[in-house]
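In what follows, a structure is listed as C-alpha cells, so that the remarks can point back to it.
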Amino acid sequence: MTQWTAENWINRGGELIADNPRLAQRLIGQGLRQIPEAGVAWFNLGLTLHQHRRIPAAIRAYRKALDSANPPIKEAENNLAQDLLLNGQFKEGWTLYERRFKRSYGVDDYNSYNHNYGQAWQGFKDPRPCEHLILVSEQGLGDTLQFCRLIQPLRDRGLKTTLFPPESLAPLLRNNNAIGEIALMLGFGGPNVRWCPLLSLPERLGLDATNIPSAEGYLNPEPLRVFDWSKRLKRRPGHRLIALHWQGNPKFERKLYSKGRSMPFEAWMRLSGIPNVEFLSIQKGAGREQMQMCSDVGLSFVAGQDDFDASFDFQDTAAVLANCDLLLSADSSVVHLAGAMGLPVWVALSWVPEWRWGLNGTSTPWYSSARLFRQPQPGDWASVIEAMAIALRQLPPLP
C-alpha cells in the first residue's frame, strides 16, 4: 500500500464511505495530503464527516469541493445546504437549498410549470404581480405536512393559493381552511398566476428557528371520523393508548443523508411491562411484516388494532391519532402529521438526524408537542427506547 498513488487512496476511501466511514476518512485524507485540490476527495470527505456527526467539518469539506478547480463538485451543493440547515445556519442553507433543482429528478414536472407560468415566484420581492400562487409539493409526504403551514401566512397577505399535494394527502388537507384550495390537476390560467415549489417558501419568507409559524398545530382531523374511531378502538379504562410507528418509506433511505432513520419493530420490546398502557400499531406498508413475524411481542395492543390494519386512508390515521394519548415513532411522515395536529409525539432520532431536527436538544421549533430522543451513538436504538420507557414510567396516571 505504500506504493499507492493519491488517486488510489481517494478511490478506495470512496468505496468504503457507506460501510466504514472512519476508515474511508483516513484513506481520503491520505490522498488529500498529496493532491489537496481534488474536488471529489473533498466531497467524499464531507460525506464521511457527516456520518461522524462532525457537521462543521463536513461543511468546510463541501466548501472545498465547490471551490476546487479540479473540478468543482456541484453535487456538494445539496449536501452543503442540508448540513448548514442541520447546523442552524438557516439563511445560507435555504439559499443554497434552492439549487436542488439542478439535479435530474423532477425536472420534467417543473418544466411544465415554467412553461405555463414562467419562472418560479421569488417571494414578495418579485416585481411581477401575483394574485394566485400555485404551490407544488415535492419529495415526501412529511415535507408536505411540515411545510404546508407556510400557506396561511401567504393568504394573510392577500394571496389566493392552490396546493398540489400528493394524492394520498389531498382529502385530509381539503378539510383544513388554512391550507386553502387543493387541486390534483393543472388547469389554471391568467396573467397574475405564479407558481412556487412548496419547499422554496422558507427561503422566500426568510424562515429561521425564531419565526416558524404554527408550531402549536395547524391541521385538524374530521370530527366524525374521530368519533367513529373512539368507538372502534375499544380502549381499556385507565390505560394510556400509545401509537407506534417504526419504518419510514424505504425509498427515501437509500441515500446516506437519510439512511438509518427507521428502526426494527423489535426495538419496541423494551416497552414491555409498563403498567396501564396499551399500544396501537399505525405502521402501514413496509415494516408492517416485522410485527407479524413476532409471535410473542410482550406488548398489549388495543382491541381495535384489526380495524385500523384494514384502513388505508390518511384521514383515518389522523382520526386514530386524535384518539391516542401519545405517538412514539421513528422519523417519518406520521411524526409530522401528529405534530401538525398538535398531538404529543416522541421522536426516535438516528445518530445523525435529518436536517430538520437539528443536532442537539429534546425540543424542536417546528412542533411544540414533539419531544426528541436521540441516539447516543450510531445504530443505538436500544438506548433511545430505554429512555422512552423511563419517561413513560414517570408520566402521571390518567385521571
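The values are calculated or read from the model by the stated rules, or taken from the named source; none is laboratory data. Model, not experiment: these values are computed from the prediction. All Cβ positions, glycine included, derive from the backbone under ideal geometry; neighbour counts span all protein chains shown. In case anyone asks, the SASA skips ligands and DNA or RNA and just uses the protein heavy atoms, side chains included. Shrake-Rupley method; radii C 1.70, N 1.55, O 1.52, S 1.80 Å.
Remarks
- Applying 0.36 nm per residue to the separation of residue 22 and residue 228 and subtracting their alpha-carbon distance, the gain on full extension is 68.9 nm.
- Accessible carbon and sulfur surface of region 350-399 relative to its total accessible area, %, 1.4 Å: 56
- Across the chain, the mean sequence separation of Cα contacts (distance under 8 Å, 6 or more residues apart), normalised by length, yields a relative contact order of 14 percent.
- Given 74/259; 125/255; 91/284; 259/284; 91/125; 64/125, the pairs whose alpha carbons are separated by over 28 Å: 125/255; 91/284; 64/125
- What the pair-distance distribution of region 44-192 shows, using all Cα-Cα distances binned every 5 Å from zero, is 2, 8, 15, 17, 17, 15, 11, 8, 6, 1, 0 percent.
- Full extension of the segment from residue 303 to residue 363, taken as 0.36 nm per residue of separation minus the current Cα-Cα distance, would add 18.4 nm.
- Volume of the Cα convex hull of region 134-288, divided per residue and given in Å³: 178
- Within the chain, helix-based [θ] at 222 nm, where runs of 4 or more DSSP H residues each add -39,500 (n - 2.57), nearest 500: -11000 deg cm²/dmol
- In the set (i) 0.94; (ii) 0.99; (iii) 1.07, the label that goes with Cα Rg over 2.2 N^0.38 Å computed for this structure is (iii).
- Summarising the label geometry, the points placed 7 Å from Cα in the beta-carbon direction at residue 289 and residue 255 lie 2.7 nm from one another.
- Distance-filtered residues of region 193-225 - backbone nitrogen under 12 Å, label point 7 angstrom along residue 126 Cα→Cβ: 193-198, 200-201, 204-205
- DSSP finds beta bridges in the chain, and of those with both partners inside it, around 5 percent are antiparallel.
- Accessible area per residue for region 25-105 is 46 Å², calculated with a 1.4 Å probe on protein heavy atoms, without ligands, DNA or RNA.
- 1.4 Å probe accessible area per residue over region 198-334, in Å²: 44
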